[in-house]
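Below you'll find the structure, written out as C-alpha cells, and then a few comments.
The values are calculated or read from the model by the stated rules, or taken from the named source; none is laboratory data. What you see is a predicted model; the values in this text were computed from it and never measured. Note that we place each Cβ from the backbone using ideal geometry, even for glycine, and neighbour counts take in every protein chain shown. Just the protein is used for accessible areas: all its heavy atoms, side chains included, with ligands, DNA and RNA removed. Shrake-Rupley method; radii C 1.70, N 1.55, O 1.52, S 1.80 Å.
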Amino acid sequence: LILFFVLLAIVAIWRKHDKKSMDIYPKHIFRENNQEEYIDKHGIKVVVGHYVGNPVNKIPNATYDMINTNRFNPMPNAGKNGNPVVIEPKDLLEMQQLFQINRFNLMASDKMPLNRSLPDYRRKKCQFLFGDYKSYSKTSVIIVFHNEAWSTLLRTVWSVINRSPVELVEEILLVDDASERDFLRKPLDDYISTLPVPTKIIRSFERIGLIKARLKGALEAKGEILTFLDAHCECTKGWLEPLLSVIKNDSTSVVCPVIDIINDDSFAYVKSFELHWGAFNWNLQFRWYTLGGKEMKLRKNDATQPFNSPTMAGGLFAINKKYFFDVGAYDENMNVWGGENLEMSFRVWQCGGKIQIAPCSHVGHIFRKSSPYSFPGGIDKTLFANLARVALVWMDEWSNFYFKFNEKARQVKDEQNITSRLQLKNKLKCKNFEWYLDNIWPSHFFPKKDRFFGRIRNKGQDLCLIKPDKRGLSNQPMGIAKIDTCLKDEVALEMFVMTPEGFIMTDDSICLDAPERVVIGPSKVRIMACSGYSRQQWKYDKKTQELFHLTNHKCLDVSNSKSFTEGLILTDCNGSESQKWIFEDVPWR
Ligand code: UD2
Ligand code: MN
C-alpha cells in the first residue's frame, strides 16, 4: 500500500512538473491563411492575413521555416545613423517572401544591429530643458507583442536601454500575447536574462489582444509611471525626459512623443513634422492634422513646449500609473486591436485630464500598410465592436451620427454591454461629447445644430458635390472640386457641412476653396485643407439657390469649357440652372 502511495505521489509530482514545463509558453498553433478585409485608421483598405504571397508578382508564400526561424544576422554598418538598408538584387525574391511575415522588410531589419546609431532629432533647446531629470518619477516601459520579429522587438528594447537615463527606468515589461514563434520562447527568455536593465516577460496563453495585454503589463508594473511602446519602435536620444517631465508637473496629463517614421521597406528613419496633432473623422478613424496658422505663430518663439491634442495615435505614451487606473485604465471588453486610442482620448479629456504631445521627444515606429495577424472572431466582431463601444459610452447622442453611416458598427451595437463603463463615467463626473468638441477641438467638422449637414446637389445636372477621393479616383483627399452621380443611400462620402461662418467642409478637414481676388473669366474651385481664411467662405441664398463666394461674390457653377473638364468654377452670377444648388438636409439625430 505504501509503495502504491509513493508511486502515486511520484506520478502526481511528475505530472505537475510536466504541466508546468508545458505551460511556460503560450500555445503554438499555425492557423490557415485566413484573410479579412477592413478599412484601417488611415482610411486605406487593408487585407489581414497570414504570410500570403502575391500571385500577381509571383511571390511565393513564406515557408514554415521562414516564419519560425530567427534569421537575425547583423552587419555592423547596416542602417547606421538611420540610413536605409541596401538589399542585394540576388536576395530580392527572398526579401519579398519574408516581407509577408510581419508586413515589413524583415530581411532589412535582420541585417541591422540591435543598437544601430541614430542622429539626435531634437531641437537644440530641448537638450537644456531637462537638467533636473533625476527628480522625475521612474517608469516601467511596457511593450506588448504578438508574433513580433526578434530584431524589431529587441531593437525596441535596446533603444530604451541605450537612450534612457538609467535612473528613470524601473524595468522593461514585455507582454507576449500568445505568440506562435519558437524563437520567442526559451531563446527570448535566455536573452532577456542577460540584459543590463531588469526585464521581464509576461505571457498570455490565449490571444487577448493588445488592449488586455497592456492591462496585464500595467497591473504588474512597479514604476510610478507607465510608458507604453509598440514592439517595433526605436527611441532616440532624450526621448524619455520630456515625457516624464510633463507628468511631473501634471499627473493627469497623458503624454505622447512625436512619432517618427521607420520606413517599412528600407528601415530608413524619417523625422516627421513636430507640430502634428491627432483627431478623427466621421468613421472614427484616427487622423493627423497640422497646427493651424494662429497656433503656429504663438509657438514660433518656442516650439519645445508640449501642446494639447484631441486624440492620440495610441501606441506610444506615458501616463502616471495611479492616474491610469483612476481614470478607468482600458475598456476590458475591447478586443484584439483598434479603437482603444480614441476611447482613452475621449475619456481622459472628458473626465478632467489632458492628452499632450511633447515635441522634444522623438520615437520612431514602423508604420505598416497592412496587418500581419489574424483578428480572432473577425474584424466585425472586434474592430467595429470596439468602435461601437467608444461611440456608445463617450459620444452621447453623437453616437447616432456615427452609427448612421457605419453599418458594421450599427450591426454589433446592441450586443454591447456598457454598464460598467457608464458607471465609471458617472463616478468620474465626466463632461459630455459636445463639450469635448467645443472646447478641445473647436475647429472640428461635426454637424452641430447651428450648421447645414447633407448633400449639395446641382440643379442643372442633377449631380452631387463629392470629395475628390470618392469612388477610389485617387487617395488624395484634395484636388479640383467635382460633382458626380448622387448616391442612392445616404453615404458619408458625399456629405458636407456648412458652418455659420460659411465654411463648406467634410470630415478630413478639407474645405471648398477658391481664390479671393476677382479675376476676369472663370476660376477654378478646389477642395483643400481647411485654413480658416476667407477664401474658403461661402454664402448660400435660399431664394435664388445660388452659392457665392463671400469675398468676390461670384457664383459656384459647373464648367462646360474643355479646359475645366468636370471641375467646378466660379463665374459671374447669371441665374442659370447650373448655378443653382439644392441643399438636402440629412437628418441624423
Ligand atoms: C496603432 C498603434 C497601436 C494601437 C493601434 C490601435 C501607434 C504607433 N500604434 O496601430 O499601438 O493603438 O493603433 O489599436 O500609435 N498586438 C498584440 N496583440 C494583438 C495585436 C497587436 O499584442 O492581438 C501588439 C503588436 O505586436 C504591436 C502592438 O500591439 O506591438 C500594436 O499593434 P500594431 O503595431 O499592429 O498597431 P499599429 O501600429 O498599426
Ligand atoms: Mn505598430
Next on the checklist: Tell me which of 105, 337, 143 sits at the most positive position along the dipole axis of the chain, charges placed on C-beta atoms (Lys, Arg +1; Asp, Glu -1).
Outcome noted: 143
Checklist entry - Taking a probe of 1.4 angstrom, what is the accessible area of residue 512 in Å², to the nearest 10? => result 0
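Compute, for the stretch 522-589, the length of the dipole vector about the Cα centre, with Cβ point charges of +1 (Lys, Arg) and -1 (Asp, Glu) only. Units Debye, rounded to 20.
Working: 10 positive and 8 negative charges, 46 e Å.
In debye, rounded to 20, the stretch 522-589 gives about 220.
Quote the charge dipole size of the stretch 262-353 about the Cα centre in Debye, to the nearest 20; the model charges only the Cβ of Lys and Arg (+1) and of Asp and Glu (-1). Mind dumping the intermediate values first?
Values: 9 positive and 10 negative charges, 101 e Å.
Computed about the Cα centre, the dipole is about 480 debye.
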Checklist entry - Can you list the lysines whose alpha carbon is less than 19 Å from that of residue 80, not counting same-chain residues fewer than 8 positions off? => result 111, 237, 271
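Order the peptides 110-123, 338-351 from the highest to the lowest mean number of other Cβ atoms within 10 Å of their residues.
Values: 110-123: 18.5, 338-351: 24.5.
Those peptides, ordered most packed to least, come out 338-351, 110-123.
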Checklist entry - Based on the alpha carbon coordinates of the stretch 50-135, what radius of gyration and maximum Cα-Cα distance (Dmax) apply, in Å? => result 18.2, 57
Item to check | Length-normalised contact order for the chain - Cα pairs under 8 Å, 6+ apart - percent | outcome: 12
Checklist entry - How many angstrom separate the Cα center of the stretch 110-149 from the Cα center of the stretch 281-330? => result 19
Next on the checklist: Over 31 Å apart: what share of the alpha carbon pairs of the chain falls there, rounded to a whole percent?
Outcome noted: 56
Checklist outcome for this item: Among 570, 529, 582, the residue whose Cα sits farthest towards the positive end of the charge dipole of the stretch 452-585, when +1 is placed on the Cβ of each Lys and Arg and -1 on the Cβ of each Asp and Glu, is 570
Next on the checklist: What lysines does residue 429 reach when the alpha-carbon gap must be under 22 Å and sequence neighbours fewer than 8 apart in one chain are set aside?
Outcome noted: 321, 322, 354
Item to check | Cysteines without a disulfide-compatible neighbour (Cβ-Cβ under 4.7 Å), the chain | outcome: 233, 235, 256
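Per the helix-only calculation at 222 nm, which mean residue ellipticity applies to the chain, given -39500 (n - 2.57) for every DSSP H run of n ≥ 4 and division by its residues, nearest 500 deg cm²/dmol? Don't skip to the end; give the middle numbers.
Working: 16 runs with 154 residues, N = 589.
-7500 deg cm²/dmol, from helical runs alone.
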Next on the checklist: Looking at the stretch 137-366 only, what percent of DSSP beta bridges run antiparallel? Nearest 5 please.
Outcome noted: 40
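Apply 1/(1 + (r/R0)^6) to the Cβ-Cβ distance of residue 206 and residue 544, taking R0 = 51 Å, and write down the FRET efficiency to the nearest 0.05. The partial results should precede the final answer.
Details: r = 65 Å, r/R0 = 1.27.
Between residue 206 and residue 544 the formula returns 0.20.
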Checklist entry - Can you work out the FRET efficiency for the pair residue 10 and residue 423, with r the C-beta to C-beta distance and R0 = 45 Å, to the nearest 0.05? => result 0.30
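Rounded to the nearest 5, what % of the DSSP beta bridges within the chain are antiparallel ones?
Details: 60 of 88 bridges.
The antiparallel proportion sits near 70 percent.
Rounded to the nearest 20 Debye, what is the dipole magnitude of the chain about its Cα centre when Lys and Arg each give +1 and Asp and Glu each give -1 at the C-beta?
Values: 80 positive and 69 negative charges, 155 e Å.
My answer is approximately 740 debye.
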Item to check | Charge dipole (the chain, unit charges on Cβ, about Cα centre) - positive-most of 126, 154, 68 | outcome: 126
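Calculate, in nm to one decimal, what residue 368 and residue 396 gain on full extension: separation in residues at 0.36 nm each, minus their alpha carbon distance. Don't jump to the answer; show the numbers that get you there.
Numbers: separation 28, 0.36 × 28 = 10.08 nm, distance 3.29 nm.
Full extension from residue 368 to residue 396 adds 6.8 nm.
Give me the number: length gained by fully extending residue 577 to residue 300, i.e. 0.36 nm times residue separation minus the C-alpha to C-alpha distance, one decimal in nm.
On the way: separation 277, 0.36 × 277 = 99.72 nm, distance 4.81 nm.
Contour length minus Cα-Cα distance gives 94.9 nm.
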Item to check | Share of alpha-carbon pairs per 5 Å distance bin for the stretch 137-366, given as whole % | outcome: 1, 7, 15, 19, 21, 18, 11, 5, 2, 1, 0
Checklist entry - Want the number for residue 66 to residue 308: 0.36 nm per residue separation, take away the alpha-carbon distance, what's left? => result 82.7 nm
Checklist entry - What aspartates and glutamates sit close enough to residue 482 to cross-link, taking a C-alpha to C-alpha distance under 18 Å and skipping anything fewer than 8 places away on the same chain? => result 462, 469, 494, 507, 508, 513, 546, 557, 566, 577, 584
Checklist entry - In the stretch 372-405, which residues have a backbone nitrogen under 17 Å from the label point lying 7 Å from residue 434's Cα in the Cα-to-Cβ direction? => result 394-402
